[in-house]
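Read the structure below first, then the notes.
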Amino acid sequence: MSFDEIIDRRGSHCVKWDMMETLYGVSPQDGISMWVADMEFRPPGCVQDALQAMLDHGIYGYFGDDSAYKGAIIWWMQNRHGWTVEPDWIFSTHGLVNGTAMCLDAFTREGDGIVLFTPIYHAFAKVIRASNRDLVQCEMPIVEGQYVLDFDAWDAQMQGHEKMLILCSPHNPGGRVWTRQELESVAEFAKRHDLLIVSDEIHADLLMPGQAHLPMARIEGIADRLIMMTAGTKTFNIAGAHVGNVIIADEGLRARFGARMLALGLSPNSFGLHMITAAYSPEGAAWVDDLCAYLAENARVFDAGINAIPGLRSMPLQSTYLAWVDFSGTGMTREEFTARVEQEAKIATNHGPTFGKGGDSFLRFNIAAPRSVVEDAVARMQQAFGDLQ
Ligand SMILES: Cc1ncc(COP(=O)(O)O)c(C=O)c1O
């Protein structure tokens, strides 16, 4: 398959294109949609074939026997991330936003503090607030153009009611792949403040050349406070399948989580399970390697074009396909630069403030699109900010 193919998604009930005008005032007729984190690519043949086999069979009943599904996850985690998972550690949820909500529900109470390193994926804050937990935002400083962790400041910020830390690893937005040393300091921070760690690793497969993701589960001494969340939906562009995994090694935490799953009557969606079982395979792995190479070149093209505009700075990506662009150097207000991007360049992006403290001067551009679309976006941006040249 070619990642260069332009596939028209307009009118297909996809939020990315069919809601861009309502939300950002950018028409899908002549605009480019670069917000929501899904890709403009079809998934690999093995995933399409699995779905086609379901269609050919034509009966869509309840799912049973998840041994192949769990086997595929175990194979993937071992082969791609060097992490050994046991079958009974795996719970299947309706994606990782649902997984996050389930973790809040199972392990915390109203009023508990939930720590986030911001700016961070916006849905975490949404579910934290909606479930009446206290959102504790620990703002990450930028050092040499990239986000870093600042535990001295954050130790002083803790008030004692914090019960959980939701880590985004790799980090969205900003695209950091955390190092072993950084993850070890996260573990120490969690121990010092007696926090459970929920590690959302949905972007773990989307790595730039030379990067290696280290699952939090491979950090020693935290299994009794760790809940892992993984998914193949970003990796294979099947987010609409709404399937994710909450993986818990600790027996006590597992029992609590399992009890809430039972109480809420949750059971998996067969379409998602069939697709992930097919995706976590050697064919799926080869496709991901090709995808990552394509995304790396997209990132190079995008960053070169954006960084050539005085005052704009695209954070170098170590992972994800989400370019995080800082407009603070333009001296413009947020309203001014956003208006230029939306009304002049006609590009729909995610607005920085949605990602929490530290996001104000940023917009997030999704570059998982055919190269020609990324080039078009860069040209539009250069035109819209042409007076800065
Ligand atoms: C860090 C992170 N977690 C979770 C999600 C969404 O997960 P799901 O579609 O499984 O609910 C996203 C989507 O962008 C994300 O970036």
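The values are calculated or read from the model by the stated rules, or taken from the named source; none is laboratory data. Keep in mind that what you see is a predicted model, and the values were worked out from it rather than measured. Cβ sites come from the backbone with ideal geometry, for glycine too, and all protein chains shown count toward neighbours. Heads up: the accessible areas ignore ligands, DNA and RNA and are worked out on the full protein's heavy atoms, side chains in. Shrake-Rupley method; radii C 1.70, N 1.55, O 1.52, S 1.80 Å.
Take the conditions (1) at pLDDT below 95; (2) closer than 30 Å to L135 by Cα; F365 misses just one of them, which is (1).
Checked against (1) in a loop (DSSP other than H, G, I, E, B); (2) open to solvent by less than 40 Å² (accessible area, probe 1.4 Å); (3) under 28 Å from P215 (Cα atoms), V26 passes all but condition (3).
Is it the case that some residue within the range 263-276 is touching a His at 6+ places or on another chain (Cβ under 8 Å), in contact (Cβ under 8 Å) with a residue 24 or more places away in the chain, assigned to a strand (DSSP E or B) and not aliphatic (A, V, I, L, M)? Within the range 263-276, not a single residue is touching a His at 6+ places or on another chain (Cβ under 8 Å), in contact (Cβ under 8 Å) with a residue 24 or more places away in the chain, assigned to a strand (DSSP E or B) and not aliphatic (A, V, I, L, M). Please tell me if D360 is away from the ligand (no atom under 15 Å from the Cβ) and part of a loop (DSSP other than H, G, I, E, B). Judged against the criteria, D360 is a match. Failed condition for A106, given (1) buried (at least 19 other Cβ atoms within 10 Å of the Cβ); (2) within 14 Å of the ligand (Cβ to nearest atom); (3) among the hydrophobic types (A, V, I, L, M, F, W, C), with all others met? For A106, the failing item is (2). Looking across the range 207-218, the residues that are more than 16 Å from the chain's Cα centre (by Cα) and either within 16 Å of the ligand (Cβ to nearest atom) or closer than 19 Å to V246 by Cβ (or both) come down to A217, R218. The residues of the range 219-263 that are open to solvent by 60 Å² or more (accessible area, probe 1.4 Å) and within 16 Å of the ligand (Cβ to nearest atom), listed by number, are G240, H242. Close contacts from the range 195-216, counting a first residue that is under 19 Å from Y280 (Cβ atoms) and a second that is among the aromatic types (F, W, Y) and in a loop (DSSP other than H, G, I, E, B), with Cβ to Cβ under 7 Å and a gap of 6+ residues or different chains, come to L206/Y321; P215/W83. Among the conditions (1) away from the ligand (no atom under 16 Å from the Cβ); (2) at pLDDT 95 or above; (3) surrounded by fewer than 16 Cβ atoms within 10 Å (Cβ to Cβ), the only one that S2 does not satisfy is (2). Filtering the range 112-127 to residues that are more than 15 Å from the ligand (Cβ to nearest atom) and closer than 19 Å to R260 by Cα leaves only D112.
Yes or no, residue by residue, for (1) out of contact with any Lys or Arg (no Cβ under 8 Å at 6 or more places or on another chain); (2) within 16 Å of the ligand (Cβ to nearest atom); (3) of a type outside the set (G, A, S):
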position	(1), (2), (3)
R10	yes, no, yes
M54	yes, no, yes
Y62	yes, no, yes
S67	yes, no, no
K70	yes, no, yes
R80	yes, no, yes
G99	yes, yes, no
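Looking at the range 305-325, is at least one residue at pLDDT 95 or above, touching a Leu at 6+ places or on another chain (Cβ under 6 Å) and open to solvent by 10 Å² or more (accessible area, probe 1.4 Å)? Checked the range 305-325: at least one residue is at pLDDT 95 or above, touching a Leu at 6+ places or on another chain (Cβ under 6 Å) and open to solvent by 10 Å² or more (accessible area, probe 1.4 Å).
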